[in-house]
Amino acid sequence: MPDRSPASAATDPTAHAALWIGTLLQQFPELSVELAPGRTAPSHHAPAPPPGLADRLREERAEALLMEQRHGLVAPGHSAAPLRLHISDTIRDITDGVVELEEAVRDRLGLPRARRVPVPERLRRIAALLDEVAADAVLAAHVRDETRRMARRCARALGDTETVVRVSGRCPWCDSVSLRAFPDRGAVLCVNPACRCAAPDCGCHDDPAYRHTWDEGEWSR
């Protein structure tokens with residue numbers, strides 16, 4: 001049975017991976033909604049497309065439409081509608097990333113290739129393997145890093161701003177008043193970029209974007 005204490009959760013890459021997978025499961029379906037032609041009231045304020053996007057749209061529309069139709073992301077009868085390329089690029093990147101991640105996990109664990117399913121189902125299958133992944137430090141770090149990368153890209157494409165709540169008390173590792181609760185993730189994070197723990201293989205030693213994380217329920221206890 002894995003150790004689920006707050007100190008352990010702060011350094012366990014699979015605990016982080018589980019949080020990022022949960023975020024992707026919530027947000028990835030919203031990308032297809034944002035991509036839908038004729039959308040007039042987006043639920044998110046997406047970042048402004050980069051300069052020159054109009055020219056890029058004209059040049060790449062035929063190719064992009066073909067790709068979206070191949071992936072089943074364009075509604076029938078709307079093939080002439082303008083595409084939001086930063087959304088479609090994100091969908092393709094995350095789709096490819098999840099497929100490659102699951103294949104890497106199963107190969108490393110000595111499991112046969114699984115049948116093709118949509119991205120959310122692949123994410124759930126990866127989540128179901130996290131206890132086995134935890135036994136392989138290299139694989140666990142890779143899963144954490146990839147799920148974090150994809151979740152952040154998804155959030156940027158949707159223009160999400162996550163709710164943050166200050167938590168009283170000090171971080172057990174750096175002793176700073178840098179603890180913040182993220183209700184959407186159900187987690188408490190230390191946001192001090194200088195925070196370092198005693199575990200030599202923890203991501204805080206070599207990744208400036210790493211943040212120690214505790215499950216919100218564990219922290220409250």
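Annotations for the structure displayed:
- Three-way shape call for the stretch 82-206 based on the alpha-carbon gyration tensor, with the a/c threshold at 1.5: oblate
- Heavy-atom accessible surface of the stretch 86-197: percent carbon and sulfur, 1.4 Å: 49
- Dividing the convex hull volume of the alpha-carbon atoms in the stretch 93-155 by its residue count gives 74 Å³ per residue.
- The stretch 105-186: GluC sites (Glu not before Pro) falling in loop per DSSP and having at most 14 other Cβ within 10 Å: E162
- Placed amide H near A187: partners under 5 Å, 5+ positions off or other chain: F182, E216
- The local environment of R113, defined by Cβ-Cβ distances under 13 Å, has a net charge of +2 under the rule Lys, Arg +1 and Asp, Glu -1.
The values are calculated or read from the model by the stated rules, or taken from the named source; none is laboratory data. Everything numeric here is computed off the predicted structure, so don't read it as measured data. Glycine gets a Cβ as well: all are built from the backbone with ideal geometry, and neighbour counts include every protein chain shown. Only protein heavy atoms, including side chains, enter the accessible area calculation; ligands, DNA and RNA are left aside. Shrake-Rupley method; radii C 1.70, N 1.55, O 1.52, S 1.80 Å.
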